[in-house]
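Asks: Input: one structure, supplied below.
The values are calculated or read from the model by the stated rules, or taken from the named source; none is laboratory data. Worth saying up front: this structure is predicted, and the values here are computed from it rather than measured. Cβ placement follows ideal geometry from the backbone for every residue including glycine, while neighbour counts extend to all protein chains displayed.
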Amino acid sequence: MGRVALVTGGSRGIGASISIALKAAGYTVAANYAGNDEAAAAFKAEHGIDVYKWSVADYDACKAGIAQVEADKGPVDVLINNAGITRDAPFHKMTPDHWKAVIDTNLTGVFNMTHNVWTGMRDRKFGRIVTISSINGQKGQFAQANYSAAKAGDIGFTRALAQEGARAGITVNVVAPGYIATDMVMAVPEKVRESIIAQIPVGRLGEPEEIARCVAFLSSDDAGFITGSVISANGGQFFA
Ligand code: NDP
């Protein structure tokens, strides 16, 4: 097939599983990451997937990074906007820095990446863009006004862009995971994690591979009629 897929935050957690699933499906995969060189090097050595370091929050770095990936691998056909961070705090303690860091990475980062692949996808009349939002962007979450706003923004962005891409063969979709067993969730204190699991009807955290399979489907030719959609994968916790 020879298609090229670029996964942001693609060397750890959910993104790593997405990179691995897309490689298994026959894509040439490039995995972007922000700063954890050790994890990226280990990921590359284990899975044979090339890693590229830049921050999605920096527009010019995205432009240069994508140009490098395209020089190495060919035009990006599939973009997975997976990179994300949390800076949780109840709103009365949330600082402008908490707000800005999360918006810059989780929302503006999606603009920065998508904007730099969009013209090429339009010219080639094919593209797949999948952005990883969150259940907390759909329903809101205590101490996550920044994160919930960014992740809800990703959904609005997707629905608007799906309309612009439709006639150009570009689909734009969101996967909205519930709680998934990655570093991000395992960093939550155990007691809090137990109370989270108690609220999940299937009675467990999701696995990164379960999100990766949703992303691989939306990236495939079989999903050509699905655009502007949000696939919720949350163990029955929230319906949207
Ligand atoms: P992890 O913290 O395990 O991994 C985050 C990845 O994003 C890392 O590869 C990290 O790079 C990268 N990253 C962070 N900031 C940037 C940046 N500025 N530029 C480029 N890459 C960056 O996160 P998860 O795997 O848990 O989460 C992946 C996505 O899924 C996120 O968008 C998250 O919000 C979303 N999500 C996660 C849920 C969960 O339960 N885990 C639930 C719902 C949504 P590096 O390795 O260099 O640090």
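Asks: Can you tell me which residues in segment 9-51 are closer than 16 Å to residue 183 by Cα and of a type in the set (Val, Ile, Thr)?
Replies: Of everything in segment 9-51, those that are closer than 16 Å to residue 183 by Cα and of a type in the set (Val, Ile, Thr) turn out to be 14, 18.
Asks: Search segment 174-201 for residues being more than 9 Å from the ligand (Cβ to nearest atom), in contact (Cβ under 8 Å) with a residue 12 or more places away in the chain and assigned to a loop (DSSP other than H, G, I, E, B), and hand back the single one that is surrounded by the fewest Cβ atoms within 10 Å (Cβ to Cβ).
Replies: 201
Asks: Which is within 9 Å of the ligand (Cβ to nearest atom), modelled with pLDDT of 95 or more and either surrounded by fewer than 24 Cβ atoms within 10 Å (Cβ to Cβ) or over 24 Å from residue 101 (Cβ atoms) (or both), of 77, 58, 72, 50? Reasoning before the result, please.
Replies: Details: 77 fails: within 9 Å of the ligand (Cβ to nearest atom); 72 fails: within 9 Å of the ligand (Cβ to nearest atom); 50 fails: within 9 Å of the ligand (Cβ to nearest atom).
The match here is 58.
Asks: Looking at segment 118-131, which of its residues are away from the ligand (no atom under 15 Å from the Cβ) and within 24 Å of residue 214 (Cβ to Cβ)?
Replies: Filtering segment 118-131 for residues away from the ligand (no atom under 15 Å from the Cβ) gives 118-128.
Those that are away from the ligand (no atom under 15 Å from the Cβ) and within 24 Å of residue 214 (Cβ to Cβ): 118, 121, 126, 127, 128.
Asks: Right, another one. Considering only segment 24-38, I want to know if a residue exists there that is closer than 18 Å to residue 148 by Cβ, in contact with a strand residue (DSSP E or B) (Cβ under 9 Å, 6 or more places away or on another chain) and part of a strand (DSSP E or B). Break it down into steps so the answer makes sense when it comes.
Replies: Our first condition is that a residue be closer than 18 Å to residue 148 by Cβ; within segment 24-38, this holds for none.
Taking every residue of segment 24-38 in turn, none turns out to be closer than 18 Å to residue 148 by Cβ, in contact with a strand residue (DSSP E or B) (Cβ under 9 Å, 6 or more places away or on another chain) and part of a strand (DSSP E or B).
Asks: Only one residue in 127, 228, 224 is under 23 Å from residue 19 (Cα atoms), surrounded by fewer than 16 Cβ atoms within 10 Å (Cβ to Cβ) and in contact (Cβ under 8 Å) with a residue 12 or more places away in the chain. Which one? Spell out the reasoning first.
Replies: Numbers: 127 fails: surrounded by fewer than 16 Cβ atoms within 10 Å (Cβ to Cβ); 228 fails: surrounded by fewer than 16 Cβ atoms within 10 Å (Cβ to Cβ).
From the options 127, 228, 224, the qualifying one is 224.
Asks: Being within 12 Å of the ligand (Cβ to nearest atom), surrounded by fewer than 22 Cβ atoms within 10 Å (Cβ to Cβ) and touching a residue at least 24 places away in the same chain (Cβ under 8 Å) is true for just one of 89, 39, 31. Which residue is that? Full working, then the answer.
Replies: On the way: 89 fails: within 12 Å of the ligand (Cβ to nearest atom); 31 fails: surrounded by fewer than 22 Cβ atoms within 10 Å (Cβ to Cβ).
Going through 89, 39, 31 in turn, the sole match is 39.
Asks: Same structure, new question: Any chance you could count how many residues in segment 2-22 are part of a helix (DSSP H, G or I), surrounded by fewer than 24 Cβ atoms within 10 Å (Cβ to Cβ) and within 7 Å of the ligand (Cβ to nearest atom)?
Replies: Number satisfying all stated conditions: 1.
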